[in-house]
């Protein structure tokens, strides 16, 4: 995704030009092309079904149970404001011709097409067409821009459910992976891990060409660029695309990805088991506020300025389980924690190791809001039941995790069980570690992670990106193809937090792929929570942001220039010589951040 000619550009002293970034953020998208003739006539169940029948990919058009309800599987949406008329299509496609396995999909074709294809990842365990629906309000979680942006730009957009149907958009669990006899359904697992996206990459492009190539338009139906974008589960899908089938996309956006699924699940499971063992340990709102105040007081100024944001939580030097003192016997106030709560803090912020202390998964960052996940993960009711199902009966009667010694409570994995789970995923080709084909193809990957992520620790991304730099000739070489951005003060996929977390990811990727302009920094905006809810789409975009600042290319950190309004991006800069994001303090070491 980054060309070799960009190597020299990463060494300049001041790489952030605010005026250019501000213009990019405020300008509307360029013209997506003329309106498609006879668009309304094309957007009927009969017309679309005829196209599907000619694709030879087992595509059928129908209403699906886990997405927008479109009678007959096709609906024409009229133009609204800057968003052009769109033809929305749902149905299913065959992911394995040998078995007839299928996945459901949603396609959105705008009347003004830009000759580009965009595939969107989903969220959670998927099974629902919501976070990959460009016309739904939560699209800001996946795409980070604003509702309607992708359609205004003119993208033909496809998304799928990874081959299974969830009861609702927020349901979790893994019942969908189980056969009636209790074994793992290999077909469903393969679709979930990689196959549904791989098959869609070809099917979606063929469908797009056929849709826009009707009548006399065949010569205009070429796809000039293709992209993939996703956050959370969609971020994992993005990394899978980059490593397993990089030839399918010109550019990829991976947001807050599940880059180590076994590690994530072991950390969650370990917290759940500890909650069952030491309950109760629920934190009061007052304790949460004091935790935040202590953390900010200790870590905020490490980036050179007290502004309420912790740009590198790994650089902090406070010990997780002593942020608040342990309460004296018989005394419980908001200014102290119980022994059980102290253990919960240690387990939450520290990583998962093997019995010898070798890291398997990092813990969460001590940041401005990530601690809010402590009580959530620790209350997991099933704890290790799902994990036991996957690792098999060989581990019946054995603990899947223990907690080290009492002076340093952290999750110690049963390594044999851990490897059994990893082997299960590898059989389904969950992800290749080798980005070699991606580099060889000169692919472009824009990778970001929210630093106050309470669901998926950003240290997964830290560690993996550091390793990629070590394996591929250093950061300057790596940045020719993969650029990583840390988003301070921002919750999971930009949902919540005190920092600027909304930015134009697709615009930055377009400039990189299509114009050779690598993103040196991303202009981030902090939306006012009083008039902004990205999950419902109730956002007043006419209101000015509370704050703007640059997100620098890792390992750079935004530096305040020393004067001017601290909440304005023009008073910050990203310098090519800066390496402050590589600093690791005691907190980062205990969390499992690797040097």
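All of the numbers you see were taken from the coordinates with simple rules; none came from a lab. All values reported here derive from a predicted model rather than from experimental measurement. Methodologically, a virtual Cβ is constructed for each residue, glycine included, from the backbone with ideal geometry; neighbour enumeration extends over all protein chains shown.
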Please report the antiparallel percentage of the DSSP beta bridges confined to the chain, to the nearest 5. 55
For region 446-488 versus region 187-230, the gap between their alpha-carbon centres in whole angstrom: 28
Can you pull a Stokes-Einstein diffusion coefficient for region 86-177 at 20 °C (1.002 mPa s), Rh from Kirkwood over Cα pairs, as a whole number of µm²/s? 155
Percent antiparallel among DSSP beta bridges (both partners in region 31-223, rounded to 5): 85
Quick check: the angle from helix 505-515's long axis to the longest principal axis of the chain, C-alpha only, nearest 10 degrees? 60
How big is the gap, in Å, between the Cα center of region 523-572 and the Cα center of region 311-362? 31
Quick shape summary for region 178-303, equivalent ellipsoid via Cα gyration tensor, semi-axes whole Å in descending order, reads 43, 24, 12
So the FRET efficiency between residue 180 and residue 80, C-beta based with R0 = 45 Å and rounded to 0.05, is 0.45
Over region 198-259, relative contact order from alpha-carbon pairs under 8 Å, at least 6 apart, %: 32
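So how do 150, 527 line up by other beta-carbon neighbours within 10 Å, fewest first? Display every interim value, and only then the final one.
Numbers: 150 27, 527 23.
If I rank by nearby Cβ atoms, fewest first, I get 527, 150.
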Within 10 Å of each residue's Cβ, count the other Cβ atoms and sort 587, 99 from fewest upward. 99, 587
Region 116-170 and region 245-308 have their Cα centres apart by a whole-number Å value of 24
Using Cα pairs under 8 angstrom and six or more residues apart, how large is the relative contact order of region 262-427, in percent? 29
Acute angle (nearest 10 degrees) that the helix 261-278 long axis makes with the longest principal axis of the chain, alpha-carbon atoms: 40
Taking 95, 102, 322 and counting other beta carbon atoms within 10 angstrom, the fewest-first order is 322, 102, 95
Computed over the chain: relative contact order in percent, which uses C-alpha pairs under 8 Å that are six or more apart: 17
With axes computed from alpha carbons, what is the tilt in degrees of helix 285-299 against the longest principal axis of the chain, rounded to the nearest 10 within 0 to 90? 90
Checking a compactness column here: for the chain, what do you get for Rg(Cα) / (2.2 N^0.38 Å), N being the number of residues? 0.96
Helical contribution to [θ] at 222 nm, DSSP H n ≥ 4, -39,500 (n - 2.57), averaged over the chain, rounded to 500: -8500 deg cm²/dmol
Taking only the Cα atoms of region 31-223, how large is their convex hull per residue, in Å³? 111
Rule-of-thumb check for region 482-588: C-alpha Rg over 2.2 N^0.38 Å? 1.14
